[in-house]
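Every number here is computed from the coordinates shown, using simple stated rules; none is lab data. Note that the structure is a prediction, hence the values are computed from the model and not measured. We place every Cβ from the backbone using ideal geometry, glycine too, and count neighbours over all the protein chains shown.
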Amino acid sequence: MTDSTQYPKIFHIDFEPVGRRVEVPAGLTLLEAAQIAGVELVAICGGSGSCGTCRVRLMQGELSALTLVEESELSREEILSGCRMACQSLPLSDVRVDIPPESLTAPQRLQVEGQGIDVSVDPIVVPADIHVAPPGLYDLRSDVTRLKATLAEQGYPSVTIEQTILTDLSEQLRAQNWSTRLAMRGGILGSEVVGILPLPTDDLRKETGHTSTFLGFAVDVGTTKLAAYLVDLTNGMTLAKAGAMNPQIGYGEDVVSRIAYANEHSDGRCVLQERLVATLNQLVTELCAEVGTSREQIVEAVIVGNTAMHHLFAGLPVRQLGAAPYVPVVSDSLELRARDIGLDLSPAARVYLPPNIAGYVGADHVAMLLAMDVARARHTVVTLDIGTNTEISLVSEGRHLSCSCASGPAFEGAHIHDGMRAAPGAIERVRIMDAIVRIHTIGGLAPVGICGSGILDAIAELLRIGVIDRRGGMMEKHPQTRQHNGKVEFVLANAEASGHGRAVVVTRSDVNTIQLAKGAIRAGVEVLLKDAGKTAADIQEFIVAGAFGTYLDLGSAVRIGMFPDLPIDRFRQVGNAAGTGARQLLISAARRKEAERIAQQVEYIELTTHPAFTEEFYKALMF
């Protein structure tokens with residue numbers, strides 16, 4: 001009988017939002033595990049515990065007890081929230097930790113750029129510059145009464161002023177010598193004051209560093225990443241943009257796991273909303289600092305995201321999204337008060353959420369279709385927004401079909417042996433020439449893992465040279481193949497060349513994971529084509545959106561069968577078009593009407609019950 005105690009315990013450590021996973025023996029700290037995994041945690045003191053810079057937050061699993069160093073470095077609030085110092089913490093089980101941005105030495109690649117058609121400004125919020133007659137002994141009307149009278153003279157007969165504006169109104173009018181700039185929302189009949197600023201003067205900028213421009217905040221809330229934009233509402237110009245990881249990743253990589261978290265914890269929904277809103281408020285701070293403005297000038301916001309992200313942001317229940325028939329609480333557009341959900345903008349600012357199409361095709365897909373003006377196309381167009389959940393649309397001969405497929409987080413590097421997200425050191429390009437493997441990493445650093453575009457390239461190349469067969473089997477047909485634990489794997493980077501002293505490899509399991517993801521996407525395309533009475537040859541334009549879609553190699557995607565074999569000039573990679581659509585919705589009432597029209601005209605196809613899906617999926621699994 002073998003004594004199992006002679007074998008060291010092995011723990012699985014999951015570092016989020018980087019998406020790196022590593023197996024380490026018991027007795028190593030989280031900092032040491034991060035170093036083995038190639039996760040660049042800040043550790044100014046080298047791990048002695050004196051700097052407190054390697055903070056992480058425990059999401060799942062068990063760590064050793066707090067040390068005296070941690071008790072002195074961490075606040076009570078940090079400790080209660082699960083914050084730990086990586087250099088002081090020993091895993092006692094498999095664990096998942098969340099790394100705040102300030103604890104990482106290098107940022108991940110975040111996609112904020114996106115294409116779209118040009119639109120004219122059709123403002124939802126307009127400035128009204130007024131001078132209010134001050135009160136006197138013979139004019140004792142209230143400040144609001146005289147303000148409304150002045151607005152009526154300027155063509156605003158019916159005006160609402162909510163309590164948040166009233167709180168500071170009297171002081172602001174007097175401080176501004178009864179001259180002010182109001183943000184008017186809603187039109188001539190039935191307007192609302194949603195912001196109040198000083199009249200613009202040359203001295204204002206010198207004294208405060210701020211202008212009197214009303215601004216808008218647009219965000220594409222992806223399952224993995226956030227893209228945020230600060231926009232001038234008067235001319236539609238984007239003043240600043242920034243990206244961040246969606247902090248909800250620490251509670252689950254995909255939509256399904258977050259729905260499960262919300263359902264299984266009494267405060268789960270609130271936690272997910274609060275974490276997201278806190279990160280959005282941080283983005284507001286960063287964008288305002290970059291432009292030299294104040295958050296009080298942001299009087300309108302637009303938030304787009306898939307249906308689950310939409311519901312979690314708005315504080316809506318998601319239980320019904322986790323079970324058939326996957327029905328959303330609401331599909332119509334929503335307008336919320338920013339302060340009601342904790343978004344720190346102008347006190348009376350509104351947040352517009354475009355309509356959803358179905359349980360797994362959300363407002364972000366509507367925004368992408370809007371940005372590209374796809375719904376009015378006269379030729380056959382397919383659009384995909386590839387992510388953890390991939391939304392697909394087909395427009396042809398006046399019909400607009402749409403579906404959603406669970407492509408999973410593989411293209412973010414999840415469930416891949418050496419997978420990681422698009423961060424420095426990730427292999428993002430692979431080419432194999434005879435016996436030579438050529439790789440390119442993000443930032444040109446020594447490889448520590450492989451991201452989605454890299455694994456796609458690697459499998460396409462292995463297929464081309466015959467290491468992988470059409471069923472996904474892997475054969476020893478190349479000098480870089482080797483046997484490991486009785487299985488064949490392909491070495492992309494030897495241990496000596498890597499950034500962590502271990503080889504970066506592609507395994508048969510990796511190949512199968514990509515087969516499932518690409519099979520789901522291709523099957524979704526084929527089902528829509530069948531329902532429209534078309535074939536792949538009829539597609540005249542194939543639009544690929546999303547962060548992963550920006551960086552993937554189209555040739556590799558076609559070679560493995562994820563995309564149809566079309567002439568390369570029919571493909572178009574458009575980046576974060578959902579973010580572009582969100583900005584259009586921020587500055588144009590007409591585009592909001594168009595978004596409503598798009599959502600109403602779409603015919604949603606539920607793949608799980610479609611009679612052709614299973615057959616198409618199994619066909620699409622083959623290379």
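Considering only the Cα atoms of segment 125-208, their convex hull presents on average a projected area of 5.8 nm². Here the chain carries DSSP beta bridges of which approximately 70% are antiparallel, counting only pairs with both residues inside.
Can you give me the angle between helix 268-291 and the longest principal axis of the chain, using Cα atoms only, in degrees from 0 to 90, rounded to the nearest 10? It is inclined by approximately 70 degrees. Between L312, T580, Q483, the Cα set farthest toward the positive side of the dipole of the chain (charges on each charged residue's Cβ, about the Cα centre) is that of Q483.
Protection proxy ranking of 449-458, 15-24, 481-490, 230-239, by the mean of other Cβ atoms within 10 Å over each peptide's residues and highest first, is 449-458, 15-24, 230-239, 481-490.
Centre-to-centre, using Cα atoms only, segment 600-619 and segment 463-488 are separated by 33 Å.
Counted residue by residue at 0.36 nm each, then reduced by the alpha carbon distance between them, the extension gain from A537 to V121 reaches 145.9 nm. Here the chain is assigned +1 on the Cβ of each Lys and Arg and -1 on the Cβ of each Asp and Glu. Its dipole about the Cα centre then comes out at about 920 debye. Given a Förster radius of 45 Å and the C-beta distance between L68 and N494 as r, what FRET efficiency does 1/(1 + (r/R0)^6) yield to the nearest 0.05? Given R0 = 45 Å and the Cβ-Cβ separation, E is 0.60. In whole angstrom, note down how far apart the Cα centers of segment 542-557 and segment 571-594 are. Distance between centres, Cα-based: 19 Å. Non-local lysine pairs in the chain, meaning eight or more places apart or on different chains, with alpha-carbon distances under 19 Å, amount to 6. Taking other C-beta atoms within 10 Å as the exposure proxy, E102, E461 rank E102, E461 from fewest upward. Were the residues from E290 through Q60 laid out at 0.36 nm apart, the gain over their Cα-Cα distance would be 79.2 nm. Here's the picture: charge each Lys and Arg Cβ at +1 and each Asp and Glu Cβ at -1 in the chain, and of G116, S72, A149 the one pushed furthest to the positive end of that dipole is G116.
Would you mind ranking M309, M475 so that the residue whose beta carbon has the fewest other beta carbons within 10 Å leads the list? All intermediate terms of the calculation are to be shown ahead of the outcome.
On the way: M309 27, M475 12.
Least crowded to most crowded, the residues run M475, M309.
Annotation: amide H-H contacts under 5 Å for L492 (H modelled 1.01 Å from N, sequence separation of 5 or more, or interchain): V504, V505, V506. With axes computed from alpha carbons, what is the tilt in degrees of helix 452-464 against the longest principal axis of the chain, rounded to the nearest 10 within 0 to 90? Here the helix axis deviates by roughly 40 degrees. Helix 508-532 and the long axis of the chain differ in direction by around 50°, with both axes built from C-alpha atoms.
With the simple spin-label model, which puts each label point 7 Å out from Cα in the Cβ direction, the D332 to H484 separation comes to 5.5 nm.
The HN-Hα couplings worked out from phi for segment 550-562 by the Karplus form 6.51 cos²θ - 1.76 cosθ + 1.60 (θ = phi - 60°) are 6, 9, 5, 8, 4, x, 5, 5, 6, 4, 7, x, 5 Hz, whole numbers, x standing for Gly and Pro. In the distance distribution for the chain, Cα-Cα pairs more than 38 Å apart total 39 percent. Proximity of backbone amide H atoms, modeled 1.01 Å from N, is registered between M237 and D232 at under 5 Å, excluding neighbours fewer than 5 places apart on the same chain. Converting phi to 3J(HN,Hα) with the Karplus coefficients 6.51, -1.76 and 1.60 and the offset θ = phi - 60°, segment 139-152 yields 9, 9, 5, 5, 4, 5, 4, 5, 5, 5, 5, 5, 5, 4 Hz in sequence order, with x at every glycine or proline. Fully extending the segment from H131 to N512 would add 130.2 nm, taking 0.36 nm per residue of separation and subtracting the current Cα-Cα distance. Residues in segment 130-138 carry Karplus couplings, in order, of 9, 10, 8, 5, x, x, x, 4, 10 Hz; the curve used is 6.51 cos²θ - 1.76 cosθ + 1.60 with θ = phi - 60°, and Gly or Pro positions show x. Positive-end ranking of P100, L621, Q282 along the dipole of the chain, with charges on Cβ about the Cα centre, is headed by L621. Applying 1/(1 + (r/R0)^6) with R0 = 22 Å to the Cβ-Cβ distance of L199 and A590, what FRET efficiency is obtained, to the nearest 0.05? Taking R0 as 22 Å, the efficiency between L199 and A590 is 0.15.
The packing ranking, built from the mean of other Cβ atoms within 10 Å per residue, places the peptides 331-344, 27-40, 161-174 in the order 27-40, 331-344, 161-174, highest first.
Please get the size of the charge dipole for segment 546-600, origin at its Cα centre, with Cβ charges of +1 on Lys and Arg and -1 on Asp and Glu, quoted in debye to the nearest 20.
Details: 8 positive and 5 negative charges, 60 e Å.
So the dipole magnitude of segment 546-600 works out to roughly 300 debye.
Restricted to Cα atoms, segment 215-353 shows a radius of gyration and a Dmax of 15.0, 48 angstrom. Of F11, F411, the sequence from fewest to most neighbouring Cβ atoms within 10 angstrom is F11, F411.
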